[in-house]
Amino acid sequence: MDTITIKDVARLCGVGVSTVSRAINNHPDINEETKQKVLQVIKENHYIPNNSARNLKRSASKTIAVLIKGIDNPFFSGMIKIFEEEIQKKKYSFILHRVDEGEDEVDVAVELVKEKKLKGIIFLGGYFSHSQAKLDQLDVPFVLSTIAITDKMEAGKFSSVSVDDFAESYKMVDYLCSLGHKHIGILAATPYDESIGKLRLEGYKKALEDNGITPREEWCFYSQEDIECYTMSNGYELMNKVMASDTGVTAVFAVSDSIAIGACKAVFDAGKSVPEDYCVAGFDGLDMAHYYNPTITTIRQPVEEMAHATIRILFDIIRNKSQNQQRIFQAQLLEGQSTRRI
């Protein structure tokens, strides 16, 4: 072989081009055994990296992109504000890019890396089920923030920041059971949701079972697939379905505060009262849930701490100060006026 290219090295090692690049640049996000294998093939075949291309990449603009799924969810507003402030403090540019539900966020990210010469990526919201081969297409550090992650992803291959959506939903429904409720509904995401909506639904069902209550499918009020899920208008429509049903539901657990507030509005418009006729609980801990009347009983996620941790982890990796990390934060159950003992 007269002249060996980076693609030739990748083929000889049985890895992707991005993996070879990480080995050459001593990137922390690569298995040590794989790295040594790549370096050995480079040595044996006298491969010389294109230094001019590498130097051009290093001198590229200092830009961090936040790719968000669910931009209409007000929960993300506080996090985005902190991201922008902290990134600019570090003298980096900030890009916010919306990813539609049907889009593949990794494909979007790969194109952005090429176009904007990104130094790092934050994936915000949605569901991550990509293979390692897919993730290897990304040759810049990234952090998954408030994202449901599948078991098939290897812990050491990515960084993440989240709460335990299953456990925190369990906490809320267990609390409703402790107030004496036996017929508890859920204002859920779509039946096919594979992200946080699924985890919160599973936490709801498990809490009922552990309190000696058999979950019933008629207590599950699912969002339609063609509308934005985490909105007040969706909560309004779902609660109207609860009140029109003959299920005996006395309390509902909404999988977001926005849905919970919409549900309360539906109850009031029907001439009924919260919490006297229906108790309503939410999830997220939005400011508007605290200032709403009645105040919403909710699970408060530590938004500020999670946002700062996301930035800190990303820049630690960019600066080669740490390996990948997974941080799971504790949330807090806040009792409001929207629930009562029966």
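Per this entry, ASP174 is counted among residues that are surrounded by fewer than 20 Cβ atoms within 10 Å (Cβ to Cβ), touching a residue at least 24 places away in the same chain (Cβ under 8 Å) and part of a helix (DSSP H, G or I).
Here is the figure for segment 294-305: residues that are out of contact with any Asp or Glu (no Cβ under 9 Å at 6 or more places or on another chain) and under 11 Å from ILE80 (Cα atoms) total 1. Residue count for segment 279-325 under the criterion of being modelled with pLDDT under 95 and either in contact with a His (Cβ under 7 Å, 6 or more places away or on another chain) or hydroxyl-bearing (Ser, Thr, Tyr) (or both): the result is 1. Across segment 182-221, the number of residues qualifying as open to solvent by 50 Å² or more (accessible area, probe 1.4 Å) and more than 19 Å from ILE299 (Cβ to Cβ) comes to 11.
Kindly provide the set of residues from segment 118-152 that are at pLDDT 85 or above and in a loop (DSSP other than H, G, I, E, B), ordered by number. The answer is LEU118, LYS119, GLY125, GLN137, LEU138, ASP139, VAL140, PRO141, THR146, ILE147. Among the residues of segment 288-320, those identified as touching a helix residue (DSSP H, G or I) at 6+ places or on another chain (Cβ under 8 Å) and not hydroxyl-bearing (Ser, Thr, Tyr) are MET288, ALA289, PRO294, ILE296, ILE299, GLN301, VAL303, GLU304, MET306, ALA307, HIS308, ILE311. Here ASP139 passes the criteria (1) within 19 Å of LYS62 (Cβ to Cβ); (2) touching a strand residue (DSSP E or B) at 6+ places or on another chain (Cβ under 7 Å); (3) open to solvent by 40 Å² or more (accessible area, probe 1.4 Å) except the one numbered (2). Of the residues in segment 306-324, at least one is surrounded by fewer than 21 Cβ atoms within 10 Å (Cβ to Cβ), outside the structural domain of SER178 (by the TED database), over 16 Å from VAL173 (Cα atoms) and of a type in the set (Phe, Trp, Tyr). None of GLU105, GLU111 is surrounded by fewer than 17 Cβ atoms within 10 Å (Cβ to Cβ) and farther than 20 Å from ASN26 by Cβ except GLU111. Among the residues of segment 269-319, the ones that are closer than 22 Å to ALA188 by Cβ and hydrophobic (A, V, I, L, M, F, W, C) come to 11 in all.
Residue check: VAL255 meets all listed conditions (1) surrounded by fewer than 23 Cβ atoms within 10 Å (Cβ to Cβ); (2) under 22 Å from LEU334 (Cα atoms) but one, namely (1). Confirm whether ILE149 is in the same structural domain as GLY102 (by the TED database) and surrounded by fewer than 20 Cβ atoms within 10 Å (Cβ to Cβ). Yes, satisfied. Only residues that are assigned to a loop (DSSP other than H, G, I, E, B), at pLDDT 95 or above and acidic (Asp, Glu) were counted across segment 56-113, and they come to 0. Residue check: GLN332 meets all listed conditions (1) over 26 Å from LEU144 (Cα atoms); (2) touching a residue at least 40 places away in the same chain (Cβ under 8 Å) but one, namely (1). Among the numbered conditions (1) among the polar types (S, T, N, Q); (2) part of a loop (DSSP other than H, G, I, E, B); (3) under 30 Å from GLN325 (Cα atoms), the only one that SER162 does not meet is (2).
The values are calculated or read from the model by the stated rules, or taken from the named source; none is laboratory data. All values reported here derive from a predicted model rather than from experimental measurement. Quick reminder, even Gly has a Cβ in these numbers, built from the backbone with ideal geometry, and neighbours come from all protein chains shown. Ligands, DNA and RNA are excluded from the accessible area calculation, which covers all protein heavy atoms including side chains. Shrake-Rupley method; radii C 1.70, N 1.55, O 1.52, S 1.80 Å.
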